[in-house]
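Read the structure below first, then the notes.
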Amino acid sequence: MADPHVEPQVQVVDDAAWLARAAADLVSSVVHADGPVTVVPATGETPVGTYAELAARHARGALDTTRVSVVQLDEYLGLAADDRRTLFGWMDRTVLTPLAIDDGRVARLPTDGDVDGACAEFDRALAARGGIDLAILGLGTNGHLGFNEPPSDAASATRTVELTPDTIGANARYWGGEDDVPTRAVTLGLRTLLDARRILLLVSGASKHAIVRRALEGPVGEDVPASFVREARGSVTVLVDRAAWEGE
Ligand code: F6R
């Protein structure tokens, strides 16, 4: 049987600045297509330049965000709502406020009470409103997408997860040390992400070289959750800078 999946389109750019501009071009074209758009914006360092570029376009009137809705990708568990480390706060500072996306257009992941029950409801509600148009994702050095840590299978639902030592180590640079990184989190599941009409995976820096090659060229499987982008339902663009692609 013919492979029903379209291979990810890999675009190699010179550096992080080029990546930010190329990503902003793609996001802008999706946002300016007809009708409302539902976007999932990853936090983390990789997309920060892209969001800054989008914010600059918005500020000079070149990007209309009035029809954009946002769905949160992932969040730590066990933090107070006003804790400096919430990923919602990060998303607010880098995406929601600069792009003038008000609260009514933001779906925030559950973090209290029966979180797994609420996650199942979150997935149902997201599917009922048409799913994700554009998922802007980063790549963990351990191959995670969102907080879908290895091993995660392609059918995994939105759920609570334990963060791996790799991720806790990698996230230490955000908050000042490993002891400041929460150990549990909630993440959109791979099934929900892989159903998106379009995935934009951003990869920057030599530290991502081994994993981006493994994800795109190695076996597809749950040990490298990002490898499942090769089986995504919609179109997949991987924007990768030369340092990540060549590994120098
Ligand atoms: C963040 C997220 C993570 C990051 C990944 C890469 O919301 O879901 O999957 O995208 O860990 O992080 P950076 O870009 O900081 O290297």
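The values are calculated or read from the model by the stated rules, or taken from the named source; none is laboratory data. Please read these numbers as outputs of a predicted model, since none were measured by experiment. Note that each Cβ is placed from the backbone with ideal geometry, even for glycine, and that neighbours are counted across all protein chains shown. When the accessible area is computed, the model is the full protein with side chains, heavy atoms only, and any ligands, DNA or RNA have been set aside. Shrake-Rupley method; radii C 1.70, N 1.55, O 1.52, S 1.80 Å.
Taking the criterion of being in contact with a helix residue (DSSP H, G or I) (Cβ under 6 Å, 6 or more places away or on another chain) and assigned to a helix (DSSP H, G or I), the residues of segment 170-189 that qualify are 172, 178. Scan segment 19-47 residue by residue and report those that are open to solvent by 70 Å² or more (accessible area, probe 1.4 Å) and touching a Leu at 6+ places or on another chain (Cβ under 9 Å). Hit for segment 19-47 is 32, nothing else.
If you check 154, 172, 206 for being more than 9 Å from the ligand (Cβ to nearest atom), open to solvent by 40 Å² or more (accessible area, probe 1.4 Å) and among the small types (Gly, Ala, Ser), only one passes: 206. List the pairs whose first member sits in segment 50-69 and is within 11 Å of residue 94 (Cβ to Cβ), whose second member is among the small types (Gly, Ala, Ser), and whose Cβ atoms are under 6 Å apart, counting only residues at least 6 apart or on separate chains? Close Cβ pairs satisfying both conditions: 50/20; 50/23; 50/24; 54/24.
Could you please let me know if residue 77 is open to solvent by less than 30 Å² (accessible area, probe 1.4 Å) and over 18 Å from the mean Cα position of the chain (by Cα)? I'd like the intermediate steps shown before the answer.
Values: open to solvent by less than 30 Å² (accessible area, probe 1.4 Å): yes; over 18 Å from the mean Cα position of the chain (by Cα): no.
No: the conditions fail for residue 77.
Residues in segment 117-132 that are under 14 Å from residue 69 (Cα atoms), open to solvent by less than 30 Å² (accessible area, probe 1.4 Å) and not small (Gly, Ala, Ser): 126, 132.
Among the residues here, residue 227 does not qualify as surrounded by fewer than 17 Cβ atoms within 10 Å (Cβ to Cβ), small (Gly, Ala, Ser) and in a helix (DSSP H, G or I). Here 88, 122 are screened, and the one residue that is in a helix (DSSP H, G or I) and either within 15 Å of the ligand (Cβ to nearest atom) or touching a Lys or Arg at 6+ places or on another chain (Cβ under 7 Å) (or both) is 88.
Within segment 25-49, the residues that satisfy the criterion of being part of a helix (DSSP H, G or I) and within 16 Å of the ligand (Cβ to nearest atom) are 27, 48, 49. Restricted to segment 175-191, and to residues there that are open to solvent by 80 Å² or more (accessible area, probe 1.4 Å) and farther than 22 Å from residue 157 by Cα, the residue that is nearest to the ligand (Cβ to nearest atom) is 178.
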